[in-house]
Every structure is written in C-alpha cells, then in structure tokens.
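The values are calculated or read from the model by the stated rules, or taken from the named source; none is laboratory data. Just so it is clear, the structure is predicted and the values come from calculations on it, not from any experiment. Because the Cβ atoms are built from the backbone with ideal geometry, glycine has one as well, and the counts that use them run over all protein chains shown.
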Amino acid sequence: MTATNSEATLPAQGIEAPRSGRIDPKYLRSNPSKGAFEMWAWLFMRISGAALVILIFVHLWTNLMVGDGIHQIDFAFVAGKWANPVWQFWDLTMLWLAMLHGTNGMRTIINDYAEKDSTRLALKSILYLAAAVIIILGTLVIFTFEPCLVDESGALLEYAPSFCETVVN
Amino acid sequence: MTQTKSTPGGRGTLYKGREGMWSWVGHRITGVGIFFFLLVHVLDTSLVRVSPEAYNAVIGAYKHPIMILGEIGLVGAIVFHAFNGLRIILVDFWKQGTRYHRQMLWAVLILWLVTMVAFSVRHLMIFFEGWEGF
Ligand code: HEM
Ligand code: HEM
C-alpha cells in the first residue's frame, strides 16, 4: 500500500485547519519577532536560575555560615575576599545574572498587572533604568575597590585588613 | 491533566486552583522581595568605595537582633524561590516532570524546612556567641 489517497488525508473540504496561520492581524497580540525574544527570555530564566542556586548558596555559606558568620562582615572582610580574583569573578557573575534574571522577572509581572500601555511603559522605564544603574555601579565597585587605604602621611588606615602591612611597607 | 476547571475536591490543573497556583504565588512574591533586597544590597556594598567607616557603620545594622530575624526571612525566601525554581525547571525539561509536579512540591517544602532549621540554628548560635548587647 504505497499509493497515497489524498482524499482520505485531507480534512473536511473548505474548512481551514485551526491555527493555520491565516489569522486576521487585528486578533494578533504582538508581532511574530517578539516570540523569539520571549523564547530566549524563557530559556535564560531557567539557565540563570540553575546557576544562581550555586552562586548564591556559596555566597551565603562563606559570609554567614563559616567563621564568625554575620559578625565577621566588615570592610576588612570584603577586602580579604576581593583580594582573590575568584571571588571578584564570583560576585561579578552573581551580580549580572541575578540582576538580569530579577529584571526580566519584574518585566513579566509588570506586563501581567499594568493594563494601560502608558503605565506599563512608565514602570518598565523605571525598572530598566534602575537595573542599569545597579549593574554598572556594582561592576565598578568590584574593580575599582582599593583595600589598603592610607592617610596623608602614608600610614595605613585603622580599618585596613592585616595583609596590607606587607603590601604598603 | 485534561480537566479545565478546578472542582471542589477535584485535582485542579497544573496551574489553577490548588498547589500549582499557591506555589506560583509564593514564587512571585519571593522573587519580587529578593529583587528589592538586591537593589539595596548592591548600594550598601558600594559604600566600601566611600570609606571603611561608612561601610562598617551601615553593615553594622545587619548585626542587630531585628535584622538577624530579617536575614532568616530573606534566606527563607531565597531557599524557597531556589528550590521551587528547580522544580519549575524539572517540570519543563524532565519527561516525567508534569506527572510528578505535586510530589516535587512536597519535596520542595520538606527540603526547605530542613534547610531553614539548620540555617536558623547556626545563624542564631553565631549571633548569640558574638553578641555584645544593644
Ligand atoms: C544576609 C545575607 C547576605 C549577606 C550578609 C551578604 C553579604 C555580602 C558581602 C559582605 C558582600 C561583599 C563581597 C563579598 O563578600 O563577596 C556582598 C556582595 C554581594 N552580594 Fe551579598 N550578602 C547576602 C545576601 C545576598 C543575596 C541573597 C544575594 C543575591 C540575590 C547577594 C548578592 C551579592 C552581590 C551581587 C554582591 C556583589 C556586589 C557588588 O558588585 O558591589 N547577597 N554580600
Ligand atoms: C536562587 C536561584 C534562582 C532560581 C532557581 C530561580 C528560578 C526561577 C524560575 C524558574 C522562574 C520562572 C520563570 C518563568 O516562569 O518563566 C523565576 C522567576 C522569577 N525570579 Fe527567580 N530564580 C532564582 C533567583 C532569583 C533572584 C536572585 C531573583 C531576584 C533578584 C529572582 C527573581 C525572580 C522574579 C521576579 C521572577 C518572576 C516571577 C513571576 O513571573 O511570577 N530569582 N525564577
């Protein structure tokens, strides 16, 4: 039975199959190119989420669960961590992924609840501006950080971490 | 799941009516909470570029007893969002995911409870050991 019976495989004559692509444009919610962006955003939420579990759990472990926990956190502690490029890179990745993931999540929520076009636009503008400021600020802080601050006479400030003594003198 | 509405005592659908919806509400609320925390957290960390005194003064607030409770709340939100997020990923990518989504939610809640008991005990012990009073 290799001969195909075209009559048999066709649906009812004259009736278009559902979703066959011929939808009146006025019923379309958005242009098709937006679909690709939403698909990448959906995938990004899952990939970044999986990575963030490790990034954030280790962050909380090193800062709260070991050593003196919450009491150890001060300027010298931050200086000690960022003297190591591994932690610089760790915090940088965490900053970018968490901010992009969180901002995209907030975008979804704004789209869900803000019904007026003008409200949506206003809220999203504030969101993107805030996200850009925080990402740039956080990145600059990691890479312009100076652990061994000295006063005018060249002496170390009292808050400097102990490893600075070998660096300055 | 072919049912389209959640009848009383019925099984609902993947999203509407029962566990699926409550876990979604919880995921959304924790996500928003963490987002706003992160905005503040990057700002307070950026004080290391202002001066050591400024950073130490502000970060000192994290050591106040009320903030200790706040940290437990924050970590509770993160751990729920993280475990439930992994469950969402499994529902979407694992072949059996939709079939076991309800069982996985129970696993999320149990793992959350275990993690939070361990975290809270450790965090409070460290806090009381080094606490110098108000
Ligand atoms: C109470 C819990 C937390 C404490 C005590 C804490 C403490 C700190 C400290 C001391 C730093 C300085 C650098 C370092 O130690 O790596 C830091 C940086 C950072 N933390 Fe946390 N953290 C907490 C929770 C979180 C959470 C939940 C997130 C993610 C959502 C997060 C994301 C970050 C990021 C992105 C940086 C880098 C900031 C920058 O680039 O300027 N932290 N945190
Ligand atoms: C700890 C690891 C994390 C995992 C595994 C995770 C996972 C997820 C997943 C799978 C989604 C659903 C996306 C979708 O429905 O398409 C999501 C949504 C969301 N996440 Fe996360 N996430 C994590 C961390 C974070 C952080 C650090 C933030 C905040 C900075 C955040 C904020 C949000 C927000 C606001 C949403 C949108 C919620 C909604 O649409 O109802 N998440 N997350």
*Restricting attention to region A:103-153, and to residues there that are surrounded by 15 or more Cβ atoms within 10 Å (Cβ to Cβ) and more than 12 Å from every other protein chain (Cβ to nearest Cβ), which single residue is farthest from A:V86 (Cα to Cα)?*
A:A114
*asked:* Against the condition modelled with pLDDT under 95, more than 9 Å from ligand 2 (Cβ to nearest atom) and among the aliphatic types (A, V, I, L, M), how does A:A122 come out, does it pass?
replied: no
_Return the residues of region B:22-38 that are within 6 Å of ligand 2 (Cβ to nearest atom) and not small (G, A, S); say none if nothing qualifies._
B:H27, B:R28, B:V32, B:I34, B:F35, B:L38
*Residues that are among the aromatic types (F, W, Y) and farther than 27 Å from A:Q72 by Cα: find the helices (runs of 4 or more DSSP H) completely inside region B:23-134 holding 1 or more of those.*
B:65-93, B:101-130
